[in-house]
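S.K.: Please see the structure below; I have some questions.
The values are calculated or read from the model by the stated rules, or taken from the named source; none is laboratory data. All figures in this text were calculated on a predicted structure; none of them were measured in a lab. Neighbour counts run over all protein chains shown; Cβ positions are idealised from the backbone, glycine included. Remember, those area values only see protein heavy atoms, side chains included, never the ligands or the DNA or RNA. Shrake-Rupley method; radii C 1.70, N 1.55, O 1.52, S 1.80 Å.
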Amino acid sequence: MANYDYETALALIEQEKPSIALLYQKGKALKGLGRNAEALQAYQAILRQDSLQLRSHIEAAECYKALAKYEQALYSYRKAILLDPQHKYARMQYINLLLAMKRYRESLVESEQLIQQDSSAYTLHLRAESMEHCYTNADVMKVIEAYQDIQNKYPDDYLSAAKLGNIYIAGQQYGEAIGITEKYRSSIDTTNMVINRINAQAYCLSQDYPRAIERYEKLLQQGDSTFQTLFYAGISYYASNRFYEVHDLLEKALQEDPTNINVLYYLGRACAKTSWKKEGVEHLEKAIALSIPSDSVMSRLYTGLADCYKMARRYKEQADALITQYNEYDPDKHHLLYNAAFIYCYRLKDLEQTEKYLKAYLKTRPQNMTQEMDADGNPIIGENNRYNAAEVWLKDLQKQRKEENFFKGQIDTANIAPTAK
């Protein structure tokens with residue numbers, strides 16, 4: 001076991017008389033080999049003998065977590081906490097798991113309670129992270145104060161400085177982001193890659209490109225090849241008209257994210273100002289193609305929109321969505337005109353619009369289209385059948401309108417006062 005020769009250890013354990021101590025060894029060896037389901041069985045065997053074994057509850061929770069059985073893991077951590085409410089490790093892991101499961105309200109409550117017992121940087125981070133997800137932008141100051149509290153108590157904690165920098169950047173408070181990262185650099189460490197990355201981004205976004213380039217050159221020398229560094233370094237060089245450097249950096253960024261429109265835009269523009277003009281055109285064409293949804297995507301969206309309008313009984317908007325879909329994205333789906341006519345007739349009682357879309361639909365009927373029959377001579381329901389129905393429907397509407405106009409004319413004539421002789 002001491003030399004991590006777990007397979008030999010397991011073979012030796014099998015030769016011994018079972019005991020709780022050996023079961024713990026067996027569980028540890030199985031976990032070390034990645035056999036978490038078997039390790040879980042070992043810890044469950046211990047608990048069947050003694051349900052008050054706190055260590056077994058924690059070990060079982062770790063196995064459940066490794067097997068993605070998170071509810072069972074939470075249950076096992078809770079059992080351990082019930083046995084020892086002051087057990088920091090169990091409580092920390094319990095909160096971490098709540099965060100992983102996005103149960104932020106519960107993790108906030110638990111972390112607030114743990115802080116009463118332990119105010120270490122780790123515990124304070126658990127609370128601050130929970131607050132980040134619980135609070136809206138209107139309450140962002142509470143989150144900032146939580147990370148500032150960590151910085152005040154633990155100035156060498158780079159994670160809290162990094163979190164504050166990212167929050168400030170998200171709120172476009174670039175001066176504050178520069179301030180917190182420069183403070184860490186000057187008083188703690190000038191080589192921390194995470195802090196320097198945020199510091200450089202803040203300089204870039206505040207349009208201090210020479211200082212941003214200075215920071216990015218050092219990051220690149222340190223081997224930082226993250227997308228964030230490649231992209232914002234490229235932007236800094238672009239703003240400084242150093243287009244060959246832009247090309248080299250954004251080519252690498254594009255490998256990380258081939259469909260990033262911003263990368264394609266700046267890379268294309270940089271290529272156009274260097275010897276890669278053909279590539280520049282290709283990058284911009286790809287960016288445009290990615291920016292504009294395809295007709296098939298828009299067609300599906302409008303189909304869904306029309307159906308939603310129908311369910312909400314907003315029939316005018318439903319008809320409008322069908323017509324827009326037909327005119328803009330599906331000019332071959334002529335049945336959309338028929339469907340619009342149906343809505344105007346039976347939902348909106350607008351016969352004038354009904355006639356308009358029936359006529360438009362019938363104009364799309366192919367010449368010499370014949371009705372297809374099945375083997376028994378019955379008409380097959382299809383597009384031609386719909387055209388026939390539309391034709392009959394339109395004739396009925398026109399006949400009805402003529403009759404209404406005729407009777408309306410008689411009534412109007414009867415109401416004319418006799419002319420004096």
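S.K.: In the range 25-139, which helices (runs of 4 or more DSSP H) lie fully inside it and hold 3 or more residues that are open to solvent by 20 Å² or more (accessible area, probe 1.4 Å) and over 22 Å from Asp157 (Cβ atoms)? Write out each step before concluding.
M.R.: Details: elements: 36-49, 54-66, 70-83, 88-100, 104-115, 121-134.
The qualifying helices (runs of 4 or more DSSP H) are 36-49, 54-66, 70-83, 104-115.
S.K.: Turning to a different aspect of this structure: Pick from Glu176, Glu214, Glu182: which is over 20 Å from Leu164 (Cβ atoms) and among the charged types (D, E, K, R)? Give the derivation first.
M.R.: Values: Glu176 fails: over 20 Å from Leu164 (Cβ atoms); Glu182 fails: over 20 Å from Leu164 (Cβ atoms).
Checking each option against the conditions leaves just Glu214.
S.K.: Where residues in the range 225-267 are open to solvent by less than 20 Å² (accessible area, probe 1.4 Å) and touching a Lys or Arg at 6+ places or on another chain (Cβ under 7 Å), which of them is nearest to Cys204 (Cα to Cα)?
M.R.: Thr229
S.K.: Residues being of a type in the set (D, E, K, R) and open to solvent by less than 60 Å² (accessible area, probe 1.4 Å): count how many of those fall in the range 346-362.
M.R.: Here is the first cut: in the range 346-362, the ones of a type in the set (D, E, K, R) are 347, 349-350, 352, 355-356, 359.
Next, only the ones that are open to solvent by less than 60 Å² (accessible area, probe 1.4 Å) stay: 350, 355.
Matching residues across the range 346-362 total 2.
S.K.: Residues of the range 164-199 being among the polar types (S, T, N, Q) and open to solvent by 20 Å² or more (accessible area, probe 1.4 Å), which ones? Write out each step before concluding.
M.R.: Here is the first cut: in the range 164-199, the ones among the polar types (S, T, N, Q) are 166, 172-173, 181, 186-187, 190-192, 196, 199.
The answer is Asn166, Gln172, Gln173, Ser186, Ser187, Thr190, Thr191, Asn192.
S.K.: Six or more apart or on different chains, Cβ under 7 Å: which pairs go from a residue in the range 216-227 that's assigned to a helix (DSSP H, G or I) to one that's aliphatic (A, V, I, L, M)? Could you list them?
M.R.: Tyr216/Ala200; Tyr216/Ala233; Leu219/Met193; Leu219/Ala200; Leu220/Ala233; Phe227/Ala253
S.K.: Something else: Can Ala202 be described as crowded, with 23+ Cβ neighbours inside 10 Å and not hydroxyl-bearing (Ser, Thr, Tyr)? Spell out the reasoning first.
M.R.: Details: crowded, with 23+ Cβ neighbours inside 10 Å: yes; not hydroxyl-bearing (Ser, Thr, Tyr): yes.
It is true that Ala202 is crowded, with 23+ Cβ neighbours inside 10 Å and not hydroxyl-bearing (Ser, Thr, Tyr).
S.K.: Does any residue in the range 196-212 that is farther than 16 Å from Asn241 by Cβ come within less than 6 Å, Cβ to Cβ, of a residue that is surrounded by fewer than 18 Cβ atoms within 10 Å (Cβ to Cβ) six or more places away or on a different chain, and which pairs are these?
M.R.: Note: pairs meeting the criteria are Tyr203/Arg211.
S.K.: Also: Open to solvent by 30 Å² or more (accessible area, probe 1.4 Å) and either in a helix (DSSP H, G or I) or touching a residue at least 60 places away in the same chain (Cβ under 8 Å) (or both): does that describe Gln148?
M.R.: Details: open to solvent by 30 Å² or more (accessible area, probe 1.4 Å): yes; either in a helix (DSSP H, G or I) or touching a residue at least 60 places away in the same chain (Cβ under 8 Å) (or both): yes.
Criteria met by Gln148.
S.K.: Within the range 289-316, how many residues turn out to be in a helix (DSSP H, G or I) and open to solvent by 60 Å² or more (accessible area, probe 1.4 Å)?
M.R.: Step one: list which residues in the range 289-316 are in a helix (DSSP H, G or I), which gives 289-291, 295-311, 315-316.
Restricting the remaining residues to those that are open to solvent by 60 Å² or more (accessible area, probe 1.4 Å) gives 289-291, 295-296, 300-301, 303, 305, 307-308, 310-311, 316.
Total satisfying the criteria: 14.
S.K.: Testing Lys286 on (1) outside any helix (DSSP H, G or I); (2) open to solvent by 80 Å² or more (accessible area, probe 1.4 Å); (3) modelled with pLDDT of 95 or more, one condition comes back false. Which one is that?
M.R.: For Lys286, the failing item is (1).
S.K.: When the range 268-280 is examined, which residues are found to be open to solvent by 50 Å² or more (accessible area, probe 1.4 Å) and under 30 Å from the mean Cα position of the chain (by Cα)?
M.R.: The answer is Arg269, and nothing else.
S.K.: Quick one: would you say Asp332 is part of a loop (DSSP other than H, G, I, E, B), at pLDDT 70 or above, of a type outside the set (A, V, I, L, M, F, W, C) and open to solvent by 70 Å² or more (accessible area, probe 1.4 Å)? Break it down into steps so the answer makes sense when it comes.
M.R.: Details: part of a loop (DSSP other than H, G, I, E, B): yes; at pLDDT 70 or above: yes; of a type outside the set (A, V, I, L, M, F, W, C): yes; open to solvent by 70 Å² or more (accessible area, probe 1.4 Å): yes.
In short, yes.
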